[in-house]
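Colleague: Got a structure here, written out as structure tokens. Questions coming.
The values are calculated or read from the model by the stated rules, or taken from the named source; none is laboratory data. Keep in mind that this is a model prediction, so the values were computed, not measured. Note that each Cβ is placed from the backbone with ideal geometry, even for glycine, and that neighbours are counted across all protein chains shown. Heavy atoms of the whole protein, side chains included, go into the accessibility calculation; ligands, DNA and RNA do not. Shrake-Rupley method; radii C 1.70, N 1.55, O 1.52, S 1.80 Å.
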Amino acid sequence: MAKPPSVGWALVRNGDFRLFGAARFLTSLASEMQVVAVAWFVYDLTKSAFALGLVGLAAFLPAILAAPITGHVADTYDRRLVAAGAWGVATLAQAGLFALALQGMQSVWPIYALVVVMGIGRAFASPALSALLPTLVPREQFGTAVVWISSCWQSASVLGPALGGVLYILGAKTVFGVTTGIYALGSILILAISFRPEPKSVRAPITWASVSAGLSYIRSQPVVLGAISLDLVAVLLGGATALLPIFAAETLHVGPLGLGALRSMPAFGAVITAIWLAYKPLTRQAGPRLLQAVALFGVATIVFGLSHDLWLSMASLLVAGAADMVSVYVRSSVVQGETPDAMRGRVSAVESVFIGASNQLGEFESGTLAALIGAAPAVVAGGVATVLVAACWGRLFPALRARDRLMAT
């Protein structure tokens with residue numbers, strides 16, 4: 001008798017899943033390339049940690065301001081069209097950065113404005129894509145699908161910074177020209193997905209009750225609330241990515257290529273962990289593993305802040321990325337696997353603000369604190385705070401600490 005195909009190979013044969021994965025990989029690649037180029041360009045112009053923090057704030061503001069409607073849009077309209085349109089906006093933002101680089105712009109304010117536009121596109125794309133994925137695969141394959149998509153994203157996060165650093169040698173215009181084309185291609189791939197949702201005879205009006213339903217649902221689910229809020233606080237306090245240009249230039253004395261290598265390390269650690277999880281899925285003690293992963297993330301951040309050696313710095317970032325992958329795996333499986341489809345867009349919008357946008361707000365916090373006390377003390381303080389948060393969340397959310405399986409039976 002023929003041996004049944006593995007879940008992983010079944011997903012590979014799913015054409016819509018392949019298109020979705022390719023689109024996520026390409027746009028993540030472009031995003032990482034752009035982040036490296038913008039960070040180095042801004043720091044080269046200003047030599048200011050606070051200016052780097054403002055880049056994160058510019059990316060964060062659209063997400064928090066648009067969150068009340070992005071989830072409603074994702075639950076009301078065709079999620080493919082929403083995501084493709086959002087990436088179309090991102091394409092225009094990249095084209096704007098390309099035009100500024102061609103002109104040899106010496107002011108950072110137009111860059112901030114285009115980062116805001118980019119943030120608007122990301123704010124609409126994130127909940128639409130998160131809510132779209134569970135509709136493309138059977139429920140029993142969803143956990144593995146999360147690992148595959150996370151692997152695509154993390155692989156892009158390894159290649160993107162390195163590729164961005166190499167292309168930056170040819171000038172910022174080269175990076176932004178390439179990212180413009182990649183975002184356009186990603187939009188086309190999403191449109192090529194054949195899955196079509198059932199048409200809605202009546203579209204729900206935008207009311208406070210509809211836009212706040214995602215937040216209300218999360219508040220009613222202790223495990224979901226604990227998992228999302230834990231990542232929010234950990235990323236907000238423990239992130240060090242905004243300050244990498246300072247460490248690359250002043251502590252480790254490496255250029256754009258070194259910056260690209262540093263930015264790639266967390267993703268490299270995450271890819272290794274994702275491959276392991278694909279073959280050895282986490283089936284028990286999901287809650288304790290999540291808390292342990294966040295604590296390990298904090299410890300690795302402390303080591304990075306204290307390091308003056310390139311290899312130790314890269315190793316600590318790799319460990320941080322590996323720990324973060326475990327956190328992403330558990331949180332995504334719990335949140336998307338248990339949320340009703342009609343609510344996924346709004347819940348994903350809240351999750352996007354809590355998790356995705358907190359990266360940008362964390363960059364602003366890191367840049368501001370570094371301007372006051374220095375880059376290394378700011379990173380070490382954030383790592384210590386993250387370890388303390390992991391310990392506190394175990395007590396504040398006993399349901400999360402006691403959670404055994406990824407999905408409730």
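Colleague: Treating only the Cβ atoms of Lys and Arg (+1) and Asp and Glu (-1) as charged, compute the dipole magnitude of region 46-157 about its Cα centre; round to the nearest 20 debye. Intermediate results must be reported in sequence, preceding the final value.
Modeller: Numbers: 5 positive and 3 negative charges, 33 e Å.
Dipole magnitude for region 46-157 comes out near 160 debye.
Colleague: Relative contact order of region 77-174: what whole-number percent is it, with Cα pairs under 8 angstrom and at least 6 residues apart? Please report the intermediate quantities before stating the final value.
Modeller: Details: 55 pairs, mean separation 38.9, N = 98.
Computed value for region 77-174: 40 percent relative contact order.
Colleague: Give me the distance in nm between label points sitting 7 Å out from Cα along the Cα-to-Cβ direction at Leu102 and Leu396, one decimal.
Modeller: That separation, rounded to one decimal, is 4.9 nm.
Colleague: In nm, to one decimal, how far is the modelled label at Arg139 from the one at Ser194, with both set 7 Å along Cα→Cβ?
Modeller: That separation, rounded to one decimal, is 2.5 nm.
Colleague: Of Trp109, Trp40, which has the most accessible area with a 1.4 Å probe, and how do the rest follow in descending order? Walk me through the numbers before you get to the answer.
Modeller: Working: Trp109 170, Trp40 40 Å².
The ordering from most to least exposed comes out as Trp109, Trp40.
Colleague: Still on this structure, I have one more. Give, in nm to one decimal, the length gained when the segment between Leu372 and Leu170 is fully stretched (0.36 nm per residue of separation minus the Cα-Cα distance).
Modeller: Values: separation 202, 0.36 × 202 = 72.72 nm, distance 3.41 nm.
Stretched fully, the Leu372-Leu170 segment lengthens by 69.3 nm.
Colleague: To the nearest 10 square angstrom, what accessible area does Thr283 show with a 1.4 Å probe?
Modeller: Answer for Thr283: close to 80 Å² accessible.
Colleague: Would you mind counting up the charge near Leu236? Only other residues with Cβ under 13 Å from its Cβ, with Lys and Arg at +1 and Asp and Glu at -1.
Modeller: Working: positive: none; negative: Asp231, Glu363, Glu365.
Taking every other residue near Leu236 into account, the sum is -3.
Colleague: Ignoring everything but the protein chains, give the 1.4 Å probe accessible area of Ile373 in square angstrom, nearest 10.
Modeller: 90 Å²
Colleague: Also: Using a 1.4 angstrom probe on the protein heavy atoms only, line up Leu237, Leu230 by accessible area, largest first. Provide the component values of the computation, followed by the final result.
Modeller: Working: Leu237 55, Leu230 0 Å².
Heavy-atom accessible area, descending, gives Leu237, Leu230.
Colleague: Looking at the square roots a ≥ b ≥ c of the eigenvalues of the Cα gyration tensor of region 27-82, which shape do they give, rounded for a/c under 1.5, prolate if a/b is larger than b/c, or oblate? All intermediate terms of the calculation are to be shown ahead of the outcome.
Modeller: Numbers: a/c = 5.98, a/b = 2.01, b/c = 2.97.
The shape class here is oblate.
Colleague: Another question, then. Apply the a/c threshold of 1.5 to the C-alpha gyration tensor of region 71-177 and tell me whether it is rounded, prolate or oblate.
Modeller: On the way: a/c = 3.54, a/b = 1.64, b/c = 2.16.
Taking the square roots of the gyration eigenvalues as a ≥ b ≥ c, region 71-177 is oblate.
Colleague: What does the extension gain come out to for Arg219 and Leu312, with contour length at 0.36 nm per residue minus their alpha carbon separation? Before the final figure, lay out each step's value.
Modeller: Details: separation 93, 0.36 × 93 = 33.48 nm, distance 4.02 nm.
29.5 nm is the gain from fully extending Arg219 to Leu312.
Colleague: Sticking with this structure for a sec: How do Phe364, Phe142 rank by accessible surface area computed with a 1.4 Å probe, from largest to smallest?
Modeller: Details: Phe364 55, Phe142 10 Å².
So, going from the largest accessible area down, we get Phe364, Phe142.
Colleague: Between Ala22 and Trp109, take the C-beta separation as r, use R0 = 35 Å, and let me know the FRET efficiency to the nearest 0.05. All intermediate terms of the calculation are to be shown ahead of the outcome.
Modeller: Working: r = 35 Å, r/R0 = 1.01.
Approximately 0.50, to the nearest 0.05.
Colleague: Still on this structure: If you take the beta carbon distance between Leu45 and Asp404 as r and set R0 to 56 Å, what does 1/(1 + (r/R0)^6) give as a FRET efficiency, to the nearest 0.05? Walk me through the numbers before you get to the answer.
Modeller: Values: r = 51 Å, r/R0 = 0.92.
Approximately 0.65, to the nearest 0.05.
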